[in-house]
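Novice: Sharing a structure with you now.
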Amino acid sequence: MSYRLPLPLNTTYLALPISLFNNIRQIIVSLALLPCKKSAKQTSVGDSEGKLDSINANRLQGLRQVYETNVFGPFAVTSAFLPLLVQGRPSIVANISSGLGSLARISNHSSNSRPPYLSYGSSKTALNAITVYWAEELKKLGVTIFCVAPGFTRTDLNNNTGTQPPEKPALLIARLVMESDESRSGGFFDENGPVPW
């Protein structure tokens, strides 16, 4: 797939193939070779090219790995179990999200909720979005789906630096599931109640 961008007259057009990382890198190289006021040698593109390529490739690989676990994993599991969930309705699906997935919190510059890891925080935001999209569709089938933010829990992920033991969020999740009805569908909750998106 390629896009032809609307540019002013007397502007060089460049077809942009949107696909894998290597193709995107080729676009950058092509742009650097286009005639402009500053030559490619005057920019830092060539000087730091190898280092930036390595950093960006590693970040992209890490992002994909986290999304496989936190986004595609829950989607695949719920999809696989959907026939049984419908058969046993009313059914409940609780997706384990995080307060770091709340855009309202991380965009609040006065709070301490800004995520230290782009991959983890954005993957939980993506999981929240999928949950909202699925909520209305699954509600028609008798399935309630919502997100739970368990809080900063001691796990291997954070080298056991969390402020609460795993038993506490486990009880929270169990309580929300047992007490839930379709009114919670598409919601986002923690121990204090609804969490802002």
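The values are calculated or read from the model by the stated rules, or taken from the named source; none is laboratory data. Computed from a predicted model, the values in this text were never measured in an experiment. With ideal geometry, Cβ positions are generated from the backbone for all residues, glycine too; neighbour counts draw on all protein chains shown.
Novice: Can you give me the number of residues within region 97-111 that are of a type outside the set (Val, Ile, Thr) and in a helix (DSSP H, G or I)?
Specialist: As a first pass, look at region 97-111 and keep what is of a type outside the set (Val, Ile, Thr): 97-105, 107-111.
Imposing the further condition that a residue be in a helix (DSSP H, G or I) reduces the set to 99-101, 103-105.
Looking only at that region, the number is 6.
Novice: Using the structure shown, decide if Ser183 is hydroxyl-bearing (Ser, Thr, Tyr) and surrounded by 15 or more Cβ atoms within 10 Å (Cβ to Cβ).
Specialist: No, not satisfied.
Novice: Let me ask another. How many residues does region 160-180 contain that are surrounded by 15 or more Cβ atoms within 10 Å (Cβ to Cβ) and of a type in the set (S, T, N, Q)?
Specialist: Counting residues in region 160-180 that are surrounded by 15 or more Cβ atoms within 10 Å (Cβ to Cβ) and of a type in the set (S, T, N, Q) gives 1.
Novice: Please state which of the following conditions Leu141 fails to meet, knowing it meets all the rest: (1) aliphatic (A, V, I, L, M); (2) assigned to a loop (DSSP other than H, G, I, E, B); (3) under 17 Å from Asn70 (Cβ atoms).
Specialist: (3)
Novice: Are any of the residues in region 152-159 touching a Lys or Arg at 6+ places or on another chain (Cβ under 9 Å), closer than 26 Å to Asn192 by Cβ, in contact (Cβ under 8 Å) with a residue 12 or more places away in the chain and surrounded by fewer than 15 Cβ atoms within 10 Å (Cβ to Cβ)?
Specialist: no
Novice: Name, by its number, the condition in (1) of a type in the set (Ser, Thr, Tyr); (2) touching an Asp or Glu at 6+ places or on another chain (Cβ under 9 Å); (3) exposed (fewer than 15 other Cβ atoms within 10 Å of the Cβ) that does not hold for Tyr133.
Specialist: Only one criterion is unmet by Tyr133, namely (2).
Novice: Sticking with this one: Identify all residues within region 64-96 that are part of a helix (DSSP H, G or I) and in contact (Cβ under 8 Å) with a residue 60 or more places away in the chain; write none if there are none.
Specialist: Thr78, Leu82
Novice: Which of the residues spanning region 156-184 are in a helix (DSSP H, G or I) and either at pLDDT below 85 or hydroxyl-bearing (Ser, Thr, Tyr) (or both)?
Specialist: Within region 156-184, the first condition is being in a helix (DSSP H, G or I), and the residues that meet it are 156-158, 167-179, 182-184.
Once the filter is applied, which keeps residues that are in a helix (DSSP H, G or I) and either at pLDDT below 85 or hydroxyl-bearing (Ser, Thr, Tyr) (or both), region 156-184 yields Asp156, Leu157, Asn158, Pro169, Glu182, Ser183.
Novice: Follow-up question, since we're still on this one. Would you mind finding the one in Pro116, Pro83 that is exposed (fewer than 15 other Cβ atoms within 10 Å of the Cβ), at pLDDT 90 or above and at negative phi?
Specialist: None of the others qualify; the one that does is Pro83.
Novice: Please go through region 160-175 and pick out each residue that is touching a residue at least 12 places away in the same chain (Cβ under 8 Å) and in contact with a strand residue (DSSP E or B) (Cβ under 6 Å, 6 or more places away or on another chain).
Specialist: Those that are touching a residue at least 12 places away in the same chain (Cβ under 8 Å) and in contact with a strand residue (DSSP E or B) (Cβ under 6 Å, 6 or more places away or on another chain): Gln164, Pro166, Pro169, Ile173.
Novice: Right, next: Could you go through region 137-146 and let me know if any residue there is surrounded by 19 or more Cβ atoms within 10 Å (Cβ to Cβ) and under 18 Å from the mean Cα position of the chain (by Cα). Lay out the reasoning, then the answer.
Specialist: So the first thing to find is which residues in region 137-146 are surrounded by 19 or more Cβ atoms within 10 Å (Cβ to Cβ), and the list is 138, 143-146.
Narrowing the set further to residues that are under 18 Å from the mean Cα position of the chain (by Cα) leaves 145-146.
Yes, there is a match, as at least one residue in region 137-146 is surrounded by 19 or more Cβ atoms within 10 Å (Cβ to Cβ) and under 18 Å from the mean Cα position of the chain (by Cα).
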